[in-house]
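Values quoted throughout were computed directly from the atomic coordinates according to the rules given, and no laboratory measurement underlies them. Note that the coordinates shown come from a computational prediction; the quantities given were computed from them, not determined experimentally. Positions of Cβ are backbone-derived with ideal geometry, glycine not excepted, and every protein chain shown enters the neighbour counts.
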Amino acid sequence: MEYTPSAKELSNFPFLKNSKEYIRQKYPSLDNLFSGDRGEILIKQSLNRIRDALFAKRKYGEGGSSNPEDNIASYALARVIISCLNDRQLIERLTRYEAEQAYQAIVNEEQWNENFQLEDSGFSRLCTMVASELGISIKQNQMPLVDYIELVSTIHEDRFRLVNRIVTKGQVQINEFEMYDLLRERIRVITQRDLPIKVPSVFCEKIAPHLAELQKVYQEKMLQQFGKIEESAFPPCIQALINAITSGANLTHPGRFSLTSFLHNIGMEKLQITELFARAPDFDREKTMYQVGHIIGGGGTEYSAPGCAAMRTTGLCIRPDNLCEQINHPLSYYKIKKKRMQRSIKEKKVE
Ligand code: SF4
């Protein structure tokens, strides 16, 4: 008999086609989602969802709504809101959070799903359906090499490197828990792929105060997270850009953009960033102020610093060191290095 997931099952995986269809029937247009008292409630739930993603506070099963319809609708609306903000880091935080929620739903399924049913493969019926929609067959504890390589291309953990895997006749051996990890990664990639979506400006304008508040909260969080600026903890790529300015070279547009957005993300003010560009021999204050202002949000869009993959594409990943092998974003490099430096200062004081 064909298996049709319940609304509760779908609400744990709101990115599935069936979930989207379910909510489309209830709310045929974006206007329906936004309107009236119901719209207000859904907007509030969606904003909470984004805040949870930013602060990673909610554990699986805590908070949220017990109404499956609201859960799916707030997922869809959170994507609309985050698209209005159009900030890559916020998008990344939200999609990581959604992938983690789905992962927790899978590994804890027996606790919440009264329709839980185990298949001969050892995976549940629901998990098998979710995996299949994501293009992954989990019927056996193995995966074709080509699919595996594609799936792990965004994972930097040693245990997933091909040299550390058993490969037999073109199939990579995977245990149950690794399969769940791979599913989580696939969900993250798929939910991130089409963001930001194009949202008519009228909707973004309608929720402008909420957007401003979210941005403020996020910026404060970043400042708390990064604290005092420590130039010696900058990653090699950022150091190289600063050295280039100091030695009188003209930065390319991606170079200016990467440096400015990085410095802004770690909490540097517009004036401070501009002063850094003042190290260049052909420094033009007015022009620099304008360009910096545009990148840090003066044009309505606040840009996030590019990740390592994008830096490599633009030729800006220069002299990566050992720490670079463990991270995929210059901001993560900075955070880790700064922590290590602080720890070693503390240890020296104790000695
Ligand atoms: S790996 Fe990343 S952090 Fe390291 S130098 Fe390259 S872009 Fe910078």
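Below, the figures for the structure above:
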quantity	calculated
Those GluC sites (Glu not before Pro) in segment 234-299 that DSSP places in a loop and that have at most 15 other beta carbons within 10 Å	269
Cα radius of gyration and Dmax for segment 7-206 (Å)	17.8, 59
Options 267, 22, 314, ranked by Cα towards positive dipole end of the chain, top entry (Cβ charges)	267
Highest to lowest packing among 74-81, 139-146, 95-102, scored as the average C-beta count within 10 Å	74-81, 95-102, 139-146
Net dipole in debye of segment 7-206 [+1 Lys, Arg Cβ; -1 Asp, Glu Cβ; about Cα centre; nearest 20]	480 debye
Shape call, segment 227-350: gyration tensor on alpha carbons, a/c limit 1.5	prolate
Helix-derived mean residue ellipticity, 222 nm - over the chain, DSSP H n ≥ 4, -39500 (n - 2.57), to 500	-18500 deg cm²/dmol
Listed peptides 122-130, 230-238, 162-170 by packing density, highest first (mean Cβ within 10 Å)	122-130, 230-238, 162-170
Sequence-separation-based contact order of the chain, relative, with Cα cut under 8 Å and 6+ spacing, percent	15 percent
Size of charge dipole - the chain - debye, nearest 20, with Cβ of Lys, Arg +1 and Asp, Glu -1, no other charges	980 debye
Computed over segment 7-206: relative contact order in percent, which uses C-alpha pairs under 8 Å that are six or more apart	23 percent
Gaussian network model of the chain, springs between alpha carbon atoms under 10 Å - residue of 270, 216, 338 with greatest fluctuation	216
Cross-link pairs 44/198; 270/348; 44/335; 139/169; 270/338; 216/338 - those with Cα-Cα distance over 29 Å	270/348; 44/335
